[in-house]
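Reviewing the structure listed below.
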């Protein structure tokens with residue numbers, strides 16, 4: 001499995017809505033609002049890089065998301 005941490009910046013005041021929508025993806029293992037440069041963080045697990053890309057592209061189209069940044073796991077410890 002491929003793991004990634006996806007960081008989201010949302011429109012002002014929409015982080016709760018974004019958390020709710022992201023949590024509906026079956027690939028999402030954990031999602032939560034944070035303070036700082038980003039507003040929402042999601043841990044995502046996928047069977048392939050191709051599928052991971054498809055999921056993240058769909059997430060990026062959710063209303064209220066300004067932009068995303070994806071951190072893909074390269075090595076398990």
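Enter the mean projected area of the convex hull around the alpha-carbon atoms of the chain, in nm², rounded to one decimal. Working shown, then result.
On the way: hull surface 19.8 nm².
Average projection, Cα convex hull of the chain: 5.0 nm².
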Next item on the list: Could you list 67, 25, 8 in order of exposure, starting from the residue whose Cβ has the fewest other Cβ atoms within 10 Å?
Entry: 67, 25, 8
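To make sure I understand, if each residue's beta carbon is the centre and we count other beta carbons within 10 Å, what order do 35, 52, 71 fall in, fewest to most?
Details: 35 6, 52 21, 71 11.
Result, fewest neighbours first: 35, 71, 52.
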Next item on the list: Measure nothing fancy, just the Cα-based angle from helix 49-60's long axis to the longest principal axis of the chain, in degrees from 0 to 90, nearest 10.
Entry: 0 degrees
Item checked: Expected 222 nm ellipticity per residue - DSSP helices of 4 or more, -39500 (n - 2.57), all of the chain, to 500 -> -7500 deg cm²/dmol
Margin query: Full-extension gain between residue 5 and residue 50, please, as 0.36 nm times their residue separation minus the C-alpha to C-alpha distance.
Written below: 14.6 nm
Check: Using the count of nearby Cβ atoms within 10 Å as a rough guide to exposure, how do 26, 75 rank from fewest to most?
Finding: 75, 26
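Since every read-out is calculated from the coordinates, none of them should be taken as a lab result. Since the model is a prediction, treat every value here as computed from it, not as a measurement. Positions of Cβ are backbone-derived with ideal geometry, glycine not excepted, and every protein chain shown enters the neighbour counts.
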